[in-house]
Amino acid sequence: MRYYARRSASSAVQMVNPNSEVARRGQALKINIHAALGLQDVLRSNLGPRGTIKMLVDGSGQIKLTKDGKVLLSEMQIQNPTATMIARAATAQDEITGDGTTSIVLLVGELLKQAERYISEGLHPRVLTEGFELAKKESLQFLESFKLTKKIDRSLLCDVARTALRTKVHADLADNLTEAIVDAVLTIHREGKPIDLYMIEIMKMMHRTDMDTRFVKGLVLDHGARHPDMPKRVKNAYILTLNVLAMNAGLDAQDVLVELQDEHAAGHVVGVDLKTGEPMDPISEGVLDNYRVQRHMLHSIAVIASNLLLVDEMMRAGRASLKSQGPIDQ
């Protein structure tokens, strides 16, 4: 009866829309897992301060070099619907917390990669999703106990900003941008009010390099006088403005992991120095990750992976659908 009901559902879809494509349970699950792994392979090499850079070429021939996960996922032409869904969820992470895009893609891919092993042995996806939920709760409890409560000042903000920026641009540029970004945010911050980032404008100077970037506390007018008779200096002027606006480091992952486990067993808080491969104290080095980013990421990866595992059919709509017909007259 169960087989008959599922077959009837598929037949009903094709009866309603003969142009639709239907992927059955086993095939749909395999498509989802392979799509997640494919996206993981694309972004794996970009993770971390020592990650490599991707070159994006658009239809007009414009070239962009980046290792930022959000930029890559937003501008790559992703055709697979499952990969598209993962990419949207990952970019939503960036929009909500400002970081963690690449990490979500890698973690979702790894969860589904491990799930595939157990499913091939006959374990039901529902059991795995329940396990994901338990693991998420345990991870969040650990994160809650592991987080540091510190007074928010300029120094702490610089540490957090530097940690995030070094995963997106080279270290020298990240260090140069850190203070400029923190000072810009502190300038527009008002106690008890949300920060309006539209009050910060980024101006591109084509005749300068990235290392020439600096923060100007005021207005920058990148043009001269519009008329030769215009005054060069005005006092008490009214101004109208518009607001427009471990593997990637070449290290052996297993060796590094063993050393970190030994340090952790000795009761130390440990990270890894990507230049030497040796364990280091992230707190004393000012490598601080955002608690909100990690918490949201743990929630997201469990939900995404669970939803993909529970898909029993994939239906691709044909050309004739209500979506393209506009509103229906009542």
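Structure above, values below:
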{"quantity": "Residue match in region 147-157 (condition: outside the structural domain of GLY98 (by TED's automatic domain parsing), buried (at least 18 other Cβ atoms within 10 Å of the Cβ) and over 21 Å from ASN46 (Cβ atoms))", "calculated": "yes"}
{"quantity": "Verdict on ASP222 being at pLDDT below 75 and among the acidic types (Asp, Glu)", "calculated": "yes"}
{"quantity": "Per-region count, region 159-179, residues out of contact with any Lys or Arg (no Cβ under 7 Å at 6 or more places or on another chain) and assigned to a loop (DSSP other than H, G, I, E, B)", "calculated": "4"}
{"quantity": "Per-region count, region 70-126, residues in a helix (DSSP H, G or I), of a type in the set (Asp, Glu) and either buried (at least 23 other Cβ atoms within 10 Å of the Cβ) or in contact with a strand residue (DSSP E or B) (Cβ under 8 Å, 6 or more places away or on another chain) (or both)", "calculated": "1"}
{"quantity": "Single condition THR276 does not satisfy, out of (1) at pLDDT 80 or above; (2) in contact with a helix residue (DSSP H, G or I) (Cβ under 9 Å, 6 or more places away or on another chain)", "calculated": "(2)"}
{"quantity": "Check on ARG88, in contact with a Leu (Cβ under 9 Å, 6 or more places away or on another chain), within 12 Å of SER300 (Cα to Cα) and not β-branched (Val, Ile, Thr)", "calculated": "yes"}
{"quantity": "Output for region 35-69, where each listed residue is in a helix (DSSP H, G or I) and at pLDDT 85 or above", "calculated": "ALA35, ALA36, LEU37, GLY38, LEU39, GLN40, ASP41, VAL42, LEU43, ARG44"}
{"quantity": "Per-region count, region 168-222, residues touching a Cys at 6+ places or on another chain (Cβ under 9 Å) and of a type in the set (Gly, Ala, Ser)", "calculated": "0"}
{"quantity": "Cβ pairs under 7 Å, 6+ apart, first in region 240-269 and modelled with pLDDT under 75, second charged (D, E, K, R) and not in a loop (DSSP other than H, G, I, E, B)", "calculated": "none"}
{"quantity": "Residues that are over 23 Å from the mean Cα position of the chain (by Cα) and either surrounded by 10 or more Cβ atoms within 10 Å (Cβ to Cβ) or assigned to a helix (DSSP H, G or I) (or both), drawn from region 185-200", "calculated": "LEU186, THR187, ILE188, HIS189, MET199"}
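One line per residue, one yes/no per condition, for (1) of a type in the set (Ser, Thr, Tyr); (2) closer than 23 Å to ASN46 by Cα; (3) at pLDDT 85 or above:
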site	(1), (2), (3)
VAL160	no, yes, yes
ALA164	no, yes, no
VAL169	no, yes, no
LEU177	no, yes, yes
VAL185	no, no, yes
ILE202	no, no, no
MET205	no, no, no
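The values are calculated or read from the model by the stated rules, or taken from the named source; none is laboratory data. Keep in mind that this is a model prediction, so the values were computed, not measured. Ideal geometry is used to build each Cβ from the backbone, glycine not excepted, and the neighbour counts take in all protein chains shown.
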